[in-house]
Amino acid sequence: MNQAVAQFAPLVLIMVVFYFLIMRPQQKKFKAHQAMLAALKAGDKVVLAAGLKGKVTRAGEQFFTVDIGQGTKIEVEVERNAIASKVD
């Protein structure tokens, strides 16, 4: 019995370390990103996943309209997950 526990102890330890070093931080980052997307509103400046910078002009359930033209009216409609971050 003790030998079986001793054989599985390193495996369990590796799984615990994997959870705290990799999975948990990823979950926190995902939740923070989802909260940022939920809080976006018209007028917020954002960076898209493609690297474009713009201002949200319309916020919908699944898509945002983002003005990416400087001094012009160039608007694109992007999916929620295409927004990488909010610029302050």
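The values are calculated or read from the model by the stated rules, or taken from the named source; none is laboratory data. Please read all numbers here as calculations on a predicted model, not as lab measurements. Every residue, glycine as well, gets a Cβ built from its backbone with ideal geometry; the counts of neighbours run over all protein chains shown. Ligands, DNA and RNA are stripped out before the accessible areas are found, and what is left, the full protein with its side chains, is counted by its heavy atoms. Shrake-Rupley method; radii C 1.70, N 1.55, O 1.52, S 1.80 Å.
When residues of segment 66-88 are filtered for being open to solvent by 40 Å² or more (accessible area, probe 1.4 Å) and assigned to a strand (DSSP E or B), how many remain?
8
Quickly run through segment 22-44 and pick out the residues that are more than 14 Å from N81 (Cα to Cα) and either part of a helix (DSSP H, G or I) or open to solvent by 50 Å² or more (accessible area, probe 1.4 Å) (or both). Give the derivation first.
Looking only at segment 22-44, we keep the residues that are more than 14 Å from N81 (Cα to Cα), and these are 22-28, 41-44.
Within segment 22-44, I22, M23, R24, P25, Q26, Q27, K28, K41, A42 meet the criteria.
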Exercise for the section: Could you grab me the full set of residues in segment 1-48 that are closer than 30 Å to E75 by Cα and either more than 23 Å from the chain's Cα centre (by Cα) or among the acidic types (D, E) (or both)? Expected result: D44
Practice task
Search segment 55-65 for residues being out of contact with any helix residue (DSSP H, G or I) (no Cβ under 9 Å at 6 or more places or on another chain) and open to solvent by less than 30 Å² (accessible area, probe 1.4 Å), and hand back the single one that is farthest from E79 (Cα to Cα).
Solution key: V56
